[in-house]
Amino acid sequence: MGNSYISKRLASFGYAFSGIAAFLRSEPHARIHALATIVVVAAGCWYKIATPEWIWIILAITLVWITEMLNTVIEKIMDHLSPQLHPKVKFIKDVAAGAVLVAAIAAVIIGAVIFIPYIF
Ligand SMILES: Nc1ncnc2c1ncn2[C@@H]1O[C@H](COP(=O)(O)OP(=O)(O)OP(=O)(O)O)[C@@H](O)[C@H]1O
C-alpha cells in the first residue's frame, strides 16, 4: 500500500514535469521566458547580487512563469470549449493576458531596482 502511494505521487510529479516540458515545446512565449530567466540568473551571478535580492528575483521569475502557464491553460480551455468567436471569450483571454502583463511589469521593475545600482 505504501509503495503504491509513493509510486502514485512519483507519477504525479512525472505528469507535472511533462506539463512543463509540453509548455516549453509548444509555446513560443515559454521559450522567451526561458531565455529571459537564463539572462537574469546569469546577470545575478555576474554581479554577485545579495541573498535578499536573489529572493526577489526568484519570486519575480516565478510569478511570470506561473501567470504565463495559467494564461496558456485558460487559452487552451477556451479554444477547446468555444472555438467560435465570442465576446465573453475575448474578455476571458484578454484578462488572462493582462495578468501576465501585470506580472511582467512587476518583474521589470524588480529587475531594474536590483540591477541598476550594480550596472551604474
Ligand atoms: N474565440 C474568440 N472569441 C473572441 N475573441 C477572441 C477569441 N480568440 C481570441 N480572441 C481575441 O482575439 C485577440 C487576438 O487573439 P490571439 O489569441 O491571437 O492573441 P495573442 O495573445 O496575440 O495570441 P498568442 O498568445 O497565441 O500569440 C485577443 O484580443 C483575443 O482575446
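Is it true that some residue in the stretch 72-84 is closer than 15 Å to Ile110 by Cβ, in contact with a helix residue (DSSP H, G or I) (Cβ under 7 Å, 6 or more places away or on another chain) and at pLDDT 95 or above? Within the stretch 72-84, not a single residue is closer than 15 Å to Ile110 by Cβ, in contact with a helix residue (DSSP H, G or I) (Cβ under 7 Å, 6 or more places away or on another chain) and at pLDDT 95 or above. What do you reckon, is Thr62 buried (at least 18 other Cβ atoms within 10 Å of the Cβ), of a type outside the set (A, V, I, L, M, F, W, C) and within 20 Å of Ile20 (Cα to Cα)? The answer is no for Thr62. Within the stretch 59-67, one or more residues are more than 8 Å from the ligand (Cβ to nearest atom) and among the small types (Gly, Ala, Ser). Can you confirm whether the stretch 40-48 contains a residue that is closer than 26 Å to Ile20 by Cα, at pLDDT 95 or above and within 16 Å of the ligand (Cβ to nearest atom)? Checked the stretch 40-48: no residue is closer than 26 Å to Ile20 by Cα, at pLDDT 95 or above and within 16 Å of the ligand (Cβ to nearest atom).
Would you confirm whether any residue within the stretch 45-59 is small (Gly, Ala, Ser) and either touching a helix residue (DSSP H, G or I) at 6+ places or on another chain (Cβ under 8 Å) or surrounded by 13 or more Cβ atoms within 10 Å (Cβ to Cβ) (or both)? No, every residue in the stretch 45-59 fails to be small (Gly, Ala, Ser) and either touching a helix residue (DSSP H, G or I) at 6+ places or on another chain (Cβ under 8 Å) or surrounded by 13 or more Cβ atoms within 10 Å (Cβ to Cβ) (or both).
The values are calculated or read from the model by the stated rules, or taken from the named source; none is laboratory data. Computed from a prediction, not measured in an experiment: that's the story for all the values here. Neighbour counts run over all protein chains shown; Cβ positions are idealised from the backbone, glycine included.
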